[in-house]
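The structure under discussion appears below in the form of structure tokens.
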Amino acid sequence: MFDLTGRVALVTGAGQGVGAGVAAVLAEQGATVWVNDLFEDRAEAVAGQVGGKAVVFDVTDLDAVRAGVAGVGRVDVLVNNAGIPVEGFPQVDFKDSTPELWRRFVDLDLYGVMNCTHATVSGMCERGWGRVITVSSDAGRVGLPIRVSLYGAAKAGAISLMKHLAYEVGAFGVTCNALSLGGMEGIPMDASQNPIPRWGRPRDIGAMTAFLASDEADWVTGQVIPVNGGVVT
Ligand SMILES: NC(=O)c1ccc[n+]([C@@H]2O[C@H](COP(=O)([O-])OP(=O)(O)OC[C@H]3O[C@@H](n4cnc5c(N)ncnc54)[C@H](O)[C@@H]3O)[C@@H](O)[C@H]2O)c1
């Protein structure tokens, strides 16, 4: 089950954190994994750890994405994971926010997903098999009292892209899904009252990604799947 031998996966923003865990699990399942990041040293380090290859580009720059994908060649599995801005992740009331800040999140969490998906999905359709898996967030699925409306709005946009694209490409053997992540280890909040009393680990996300990337998940598309320890239902 869930054997990815022969598949080529591209994981964006995989130079650390969730993406690095996803890259590791996909490689363990047999995929050839391309580790993308903005930073070459991060991408090279993770590629070395998982036995994959590094590809450096900024997901917000469509020309750079197209050039990077051309260098990779065939992409069977795209994991849109890049989503935390390197400029910082301010939590701010919407009424105090600025268009500059809106753009930071929309550029990365919506345009980044559109750029990478657009650059790879046509090839998947031509070959008759493909997987687009977008790492979203509970902040994009429900309202939360943590002042992340800009991030949530962009994450919700990417979820909607997956739902609509699923209709357009399903007949070509391509599925499109989104993962709704909860808090991951490292956030400064107590997890002891959570249904599963810990925060998420990158490999938790890797496991769901490996399932969605597999042949066995052939009939799962257009979904937003919470992977959050049961915290937000
Ligand atoms: N950490 C959490 O608690 C949490 C919760 C819910 C959802 N998520 C989502 O999980 C995903 C990964 O988050 P993380 O916590 O592992 O992030 P992270 O900041 O630890 O790592 C993300 C990596 O993405 C790279 N990156 C950033 N901008 C990029 C760009 N424009 N092009 C290419 N690479 C870029 C960074 O250099 C970094 O190495 C994101 O989509 C995030 O929104 C995270």
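When Rg and the Kirkwood radius Rh are both evaluated on Cα atoms of the range 56-158, their ratio Rg/Rh stands at 1.03.
Taking the chain as a Gaussian network of alpha-carbon nodes connected by springs under 10 Å, the highest mean-square fluctuation of the residues 21, 73, 140 belongs to 73. Say the dipole of the chain comes from +1 at the beta carbon of Lys and Arg and -1 at that of Asp and Glu; which of 144, 119, 26 then lies farthest toward its positive end? Working it through, the farthest residue towards the positive pole turns out to be 144.
Can you give the net charge of the other residues whose Cβ lies under 14 Å from the Cβ of residue 43, counting K and R as +1 and D and E as -1? Cβ neighbours under 14 Å give a net charge of -3. Taking a ≥ b ≥ c as the square roots of the eigenvalues of the alpha-carbon gyration tensor, the range 142-233 is classed oblate because a/c is 1.5 or more while a/b is no larger than b/c. Taking amide H atoms as placed 1.01 Å from N in the peptide plane, the amide H of residue 178 lies under 5 Å from those of 134, 223, 224, 225, each 5 or more residues away in sequence or on another chain. Note on residue 233 and residue 89: the extension gain reaches 49.4 nm, defined as 0.36 nm multiplied by sequence separation minus the Cα-Cα distance. Using the Stokes-Einstein relation with a Kirkwood hydrodynamic radius computed over Cα pairs, the translational diffusion coefficient of the range 187-231 at 4 °C and a viscosity of 1.567 mPa s comes to 107 µm²/s. When the alpha-carbon atoms of the chain are used, the pair Rg, Dmax equals 16.6, 49 angstrom. Average accessible surface for the chain: 47 Å² per residue, computed with a 1.4 Å probe over protein heavy atoms with every protein chain in place. Here the range 110-223 has 59 percent of its accessible surface on carbon and sulfur atoms, given a 1.4 Å probe and all protein chains in place.
Working from Cα pairs under 8 Å separated by at least six residues, relative contact order for the chain is 21 percent.
Is the C-alpha gyration tensor of the range 59-113 telling us rounded, prolate or oblate? Criteria: a/c under 1.5 is rounded; beyond that, a/b larger than b/c is prolate, otherwise oblate. Working shown, then result.
Values: a/c = 3.52, a/b = 2.62, b/c = 1.34.
In terms of gyration-tensor shape, prolate.
The charge dipole of the chain, taken about its Cα centre with unit charges on the Cβ atoms of Lys, Arg (+1), Asp and Glu (-1) only, comes to about 300 debye. Computed over every Cα-Cα pair of the range 154-193 and binned at 5 Å starting from 0, the pair-distance distribution P(r) comes out as 5, 20, 19, 14, 12, 11, 9, 7, 4 percent.
The values are calculated or read from the model by the stated rules, or taken from the named source; none is laboratory data. Owing to the predicted nature of the structure, the values given are computational and were not obtained by experimental measurement. Reconstructed Cβ throughout: ideal geometry from the backbone, glycine too, with neighbour counts over all protein chains shown. Calculation scope for accessible area: heavy atoms of the full protein, side chains included, ligands and nucleic acids excluded. Shrake-Rupley method; radii C 1.70, N 1.55, O 1.52, S 1.80 Å.
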